[in-house]
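The values are calculated or read from the model by the stated rules, or taken from the named source; none is laboratory data. Worth saying up front: this structure is predicted, and the values here are computed from it rather than measured. Quick reminder, even Gly has a Cβ in these numbers, built from the backbone with ideal geometry, and neighbours come from all protein chains shown.
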Amino acid sequence: MRAAIISPTGLLGRYAKKTNYHLVLAHILWQNDKEYFDFYKRRIEAGDFVILDNSVIELGRPVDYEVLYKTCKELHPSELVLCDYPQDPRRTLEWAHTYGPKFKDEFPEMQLMVVPQWFGSKDPKNWLDSMWHLSDLDFVDTIGIPKFLSTARPKVIDALHDNRPDKQYHLLGTWGNPVEVRAYEGYNWIRGVDTKAPVRLGQYGVALHPHRGLLASMRSAVPDLDFQNSQDPLPIITEHNVKTYVGWTQGAEVIPIGEGPLR
């Protein structure tokens, strides 16, 4: 599994560059953050895989079609996350059906990801029903498995392990304890995962245990990642978090801070 490390703009070179797999947020690109744009433009030119996200988690709604189209024209990402609407699988499907073919025609080399939704009760079956409808669209390359599934995500992944469309799969974010990803390391059909957690926690001095992740349920007490805040007072902890997380995705043994070189 490949890991995309999401970082504040000023820390991209230190942490996001640790891997060649990335997720870039559309709304940050259009906040006149030239450094952020230029970093990912260079990563694309270097041959890295860069996913352009629609920023629905950060904004509460996805950016509109015009923003995504203009960004694709200027950035040329490897993959685009089509707009998804929280708890509205029908609108999500209609948007994909309307605009997906336009993106595929204009950018034939760019892959397209959809993010299924559930409605009513948070039943994994509802999410899976949305997933099957979206997967029927022939221009869809990738299924995004979102963090809003929360405690239901393991059940969804188990169901997909047994029966899934012939698509690629990406885990969108982490929820709760980011050590969650260790449980999926052996699922070779999951292409990758993106996360803010290692850097976000590291900026506040919170270290991930190499085997247990967070040792207390305190993630919500740490402020959200601020893309303009490049303070990194304890880089040894942030570096440890990033290497620990990437190690989890690759099945590598990770040893604690102070007990030898990180792998």
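Quick rundown of the values:
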read-out	value
Among the candidates V246, V222, residue that is under 16 Å from T19 (Cβ atoms), hydrophobic (A, V, I, L, M, F, W, C) and under 21 Å from the mean Cα position of the chain (by Cα)	V246
Residue selected from the stretch 136-151 under the condition out of contact with any Gly (no Cβ under 9 Å at 6 or more places or on another chain) and crowded, with 18+ Cβ neighbours inside 10 Å, by the criterion farthest from V179 (Cα to Cα)	T142
Some residue of the stretch 2-11 being surrounded by fewer than 21 Cβ atoms within 10 Å (Cβ to Cβ), among the small types (G, A, S) and under 28 Å from Q203 (Cβ atoms)	yes
Any pair with Cβ under 7 angstrom, 6 or more apart, that starts in the stretch 155-174 at a residue that is among the basic types (K, R) and ends at one that is outside any helix (DSSP H, G or I)	K167/V140; K167/D141; K167/T142; K167/I143
Filter pass, K167 being basic (K, R) and touching a Leu at 6+ places or on another chain (Cβ under 8 Å)	no
The one condition in (1) closer than 28 Å to M113 by Cβ; (2) surrounded by 19 or more Cβ atoms within 10 Å (Cβ to Cβ); (3) in contact with a helix residue (DSSP H, G or I) (Cβ under 9 Å, 6 or more places away or on another chain) that D194 fails to fulfil	(3)
Close pairs from the stretch 226-246: first touching a residue at least 40 places away in the same chain (Cβ under 8 Å), partner surrounded by fewer than 19 Cβ atoms within 10 Å (Cβ to Cβ) and small (G, A, S), Cβ under 6 Å, at least 6 apart	S230/G10
Top-ranked residue of the stretch 200-255 - restricted to ones that are among the hydrophobic types (A, V, I, L, M, F, W, C) and touching a strand residue (DSSP E or B) at 6+ places or on another chain (Cβ under 9 Å), ranked as farthest from R182 (Cα to Cα)	F227
Residue that is nearest to N241 (Cα to Cα), among those in the stretch 1-23 that are free of Cβ contacts under 8 Å to residues at least 40 places away in the same chain and assigned to a helix (DSSP H, G or I)	A16
Qualifying residue in the stretch 136-145 (condition: out of contact with any Phe, Trp or Tyr (no Cβ under 7 Å at 6 or more places or on another chain), modelled with pLDDT under 95 and of a type outside the set (F, W, Y))	no
Residues located in the stretch 201-222, provided they are more than 18 Å from H240 (Cα to Cα) and touching a residue at least 40 places away in the same chain (Cβ under 8 Å)	S217
Tally, over the stretch 154-164, of residues that are more than 20 Å from the chain's Cα centre (by Cα) and farther than 15 Å from N188 by Cβ	2
